[in-house]
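Colleague: Below: one structure in structure tokens.
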Amino acid sequence: DAMVIQNPRYQVTQFGKPVTLSCSQTLNHNVMYWYQQKSSQAPKLLFHYYDKDFNNEADTPDNFQSRRPNTSFCFLDIRSPGLGDAAMYLCATSRAGTGPNQPQHFGDGTRLSIL
Amino acid sequence: SQKIEQNSEALNIQEGKTATLTCNYTNYSPAYLQWYRQDPGRGPVFLLLIRENEKEKRKERLKVTFDTTLKQSLFHITASQPADSATYLCALGDSGAGSYQLTFGKGTKLSVIP
């Protein structure tokens, strides 16, 4: 089945130690998103790629970076994680440019803990 | 600033009853609205989409309404089952160049009691 896969499902890192989360998709969608979701909160969009074009949300901290080396893969890098960055990180994809209102397809997230 | 409110953080109903979840928004004129289901520790899963010119959409036991005058969407699950227990998120989208992006609400946690 076509899907969005996030690895790892759980990640523990130390305060200030860089960490990378990965996302891959077999849907061949042109848009990939990264969301941060804290307990009982709405998913908060960090940034997205429309094809190769990177789009950062205005309030996303500089500590968060992303890479999309090809259509299928996207990475979230947290350069110096703080305690406030502990959250679920969700990757999603959608097909844009083929008509409006396409649904987003989510992976099951990476739960990040900071020691 | 844009604001999305889902009526309550938690809703408990008896099995077999109809669950009604509310999504209200302010300072926003969305072109469409989507509903997602999220189970604990999992990513959201798309359920239904309704456009601003549509009053109602149905899919099996699910029904969504969209009232742009009241700035409100209602999400109904009829004949609810314990397996329907999950958090339900509404998400709003614009028209135009950014129409593929969504703004999510916090969700309502639904518990269906046997």
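Colleague: For region B:77-95, does any single residue satisfy the condition of being more than 10 Å from every other protein chain (Cβ to nearest Cβ), open to solvent by 70 Å² or more (accessible area, probe 1.4 Å) and either small (Gly, Ala, Ser) or within 25 Å of A:LEU90 (Cβ to Cβ) (or both)?
Modeller: no
Colleague: Which one of these is within 9 Å of chain A (Cβ to nearest Cβ) and open to solvent by less than 50 Å² (accessible area, probe 1.4 Å): B:TYR32, B:TYR25?
Modeller: B:TYR32
Colleague: Still on this structure, please answer the following. Please specify each residue of region A:1-32 satisfying the condition of being β-branched (Val, Ile, Thr) and at the interface with chain B (Cβ under 9 Å from one of its Cβ atoms).
Modeller: If the condition is that a residue be β-branched (Val, Ile, Thr) and at the interface with chain B (Cβ under 9 Å from one of its Cβ atoms), then A:VAL4, A:VAL31 are the ones that fit.
Colleague: A further question follows. Run A:TYR35 past the list (1) of a type outside the set (Asp, Glu); (2) without any contact (Cβ under 8 Å) to a residue 24 or more places away in the chain; (3) within 12 Å of chain B (Cβ to nearest Cβ) and report the number of the one that doesn't hold.
Modeller: (2)
Colleague: Among the residues of region B:35-53 satisfying the criterion of being touching a Leu at 6+ places or on another chain (Cβ under 7 Å) and not polar (S, T, N, Q), which is nearest to the other protein chains (Cβ to nearest Cβ)?
Modeller: B:GLY43
Colleague: Does region B:92-102 include one or more residues that are assigned to a loop (DSSP other than H, G, I, E, B) and closer than 15 Å to B:ILE4 by Cβ?
Modeller: yes
Colleague: Still on this structure, I have one more. Taking the stated definitions as given, is B:ILE13 part of a strand (DSSP E or B), more than 24 Å from A:PHE47 (Cα to Cα), at the interface with another protein chain (Cβ under 10 Å from one of its Cβ atoms) and not basic (Lys, Arg)?
Modeller: Taking the combined requirement at face value, the residue does not satisfy it.
Colleague: For region A:70-115, which positions are aliphatic (A, V, I, L, M), out of contact with any helix residue (DSSP H, G or I) (no Cβ under 8 Å at 6 or more places or on another chain) and more than 14 Å from chain B (Cβ to nearest Cβ)?
Modeller: A:LEU76, A:LEU83, A:ALA86, A:LEU115
Colleague: Quick one: how many residues across region A:35-59 are in contact with a strand residue (DSSP E or B) (Cβ under 7 Å, 6 or more places away or on another chain), surrounded by fewer than 14 Cβ atoms within 10 Å (Cβ to Cβ) and closer than 18 Å to A:ARG111 by Cβ?
Modeller: 1
Colleague: For the structure I just gave you, tell me whether A:ARG67 is within 12 Å of chain B (Cβ to nearest Cβ), open to solvent by 20 Å² or more (accessible area, probe 1.4 Å) and more than 21 Å from B:LEU102 (Cβ to Cβ).
Modeller: no
Colleague: What's the number of the only condition in (1) more than 8 Å from chain B (Cβ to nearest Cβ); (2) over 19 Å from B:GLY105 (Cα atoms) that A:LEU46 fails to meet?
Modeller: Result: A:LEU46 fails condition (2) only.
The values are calculated or read from the model by the stated rules, or taken from the named source; none is laboratory data. Since this is a predicted model, take the numbers as computed values, not measurements. Note that we place each Cβ from the backbone using ideal geometry, even for glycine, and neighbour counts take in every protein chain shown. Just so you know, the surface numbers come from the protein's heavy atoms only, side chains and all, with ligands and any DNA or RNA stripped out. Shrake-Rupley method; radii C 1.70, N 1.55, O 1.52, S 1.80 Å.
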